Amino acid sequence: MTIRDPFHFQTGSLPLLISIPHAGTQLTPAVEAGLTPDARALPDTDWHIPQLYDFARGLGASILVGNYSRFVIDLNRPADDKPLYSTATTGLYPDVLFNGDPSFLPGKAPDEQERAGYLQQIWQPYHQQLQDELARLKAQHGYALLFDAHSIASVIPRLFDGKLPDLNLGTNDGASCAAALSDRLVTCCERQQQFSHVLNGRFKGGYITRAYGKPAENQHAVQLELAQVNYMSEQYPFAFDAARAAPLQRLLSQMIDSMVDWGAQQR
């Protein structure tokens, strides 16, 4: 098995890296052959996140996007597959959909050897690029900011009760970034009334936020989980809605600007 182009990366000029691990839709032959009919629609994808954050390219952010579907391997889970949440979740190699249904037909999931190849050829290169870019940013600017961008359907009873807030900021309960930075981002959310928000609610940050958020080392990481209803259709074929997305993009731009401004004041 040979994996080509496990990620897309664009270098920017700011001390900011936007990581997008779950927008990929590429499948390996083994995964594509084994998925259930429901899973073939890739319902648990972070749809259109690169498009939603496209404005950040013009601002000068570095952007790292995983190309492979989380049904191949989840880039936001630890390599040892230890659970990140005590509540319902999915693992490094998701065998169930977010709703609890099987991802693969009986006996059709990739075997251990196949999945070990995914770890070596997809997961490790993504994380190596992430680490290399954070190191470059710190060497050039003296600090690094990591924004891990995600989205999810607004209603998933297996994962959370009721409807998810529109913006779900996660800082691993304050361990992944300075409190002053998360306060800045919360203030951005409080200045508008269209979108609801929460800090360290159901989504506190996945492996990327927890592993690379090291505020004592001038490396600050924040995860943002967006409710997809605010920029797209949550039903197949999961179409992007530019008119609905526009006000959300304005708020995201304000949040990114605030994050960068905060960083510049720390020099």
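The values are calculated or read from the model by the stated rules, or taken from the named source; none is laboratory data. The model shown is predicted, which means the values in this text are computed figures rather than measured ones. We place every Cβ from the backbone using ideal geometry, glycine too, and count neighbours over all the protein chains shown. The accessibility values were calculated without ligands, DNA or RNA, using every heavy atom of the protein model including side chains. Shrake-Rupley method; radii C 1.70, N 1.55, O 1.52, S 1.80 Å.
Tabulated values for the structure
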item	result
Shape of region 73-129, Cα gyration tensor, a/c cut at 1.5	oblate
Surface per residue (accessible, 1.4 Å probe) for the chain, Å²	43
Portion, in percent, of the accessible area of the chain that falls on carbon or sulfur, probe 1.4 Å	48
Cα-based helix-to-principal-axis angle, 124-141 vs the chain, degrees rounded to 10	10
Listed peptides 43-50, 239-246, 101-108, 127-134 by packing density, highest first (mean Cβ within 10 Å)	43-50, 127-134, 101-108, 239-246
Span from the region 248-267 Cα centroid across to the region 130-188 one, whole angstrom	12
Paramagnetic label zone (point 7 Å from Cα along Cα-to-C-beta, Asp38; backbone N under 14 Å) in region 144-186	156-159
Estimated 222 nm signal from helices in the chain, with DSSP H stretches of n ≥ 4 weighted -39500 (n - 2.57), rounded to 500	-9000 deg cm²/dmol
Lys, Arg +1 and Asp, Glu -1 on Cβ, resulting dipole of the chain about Cα centre, debye, nearest 20	480
Lys, Arg +1 and Asp, Glu -1 on Cβ, resulting dipole of region 1-159 about Cα centre, debye, nearest 20	320
For region 58-69, 3J(HN,Hα) per residue [Karplus equation, 6.51 cos²θ - 1.76 cosθ + 1.60, θ = phi - 60°, Hz, x = Gly/Pro]	x, 6, x, 6, 6, 10, 10, 10, x, 8, 9, 4
Efficiency of FRET from Cβ geometry, Asp111 and Phe195, R₀ 35 Å, rounded to 0.05	0.20
Inter-label distance, nm, simple model (7 Å from Cα along the C-beta direction), Thr2/Arg244	4.2
Acute angle (nearest 10 degrees) that the helix 242-264 long axis makes with the longest principal axis of the chain, alpha-carbon atoms	50
Kirkwood estimate for region 7-265, i.e. one over the average of 1/r between Cα atoms, Å	18.5
Beta bridge orientation in the chain: antiparallel %, DSSP, nearest 5	35
The chain: angle of helix 179-190 to the longest principal axis, Cα-based, in degrees nearest 10	80
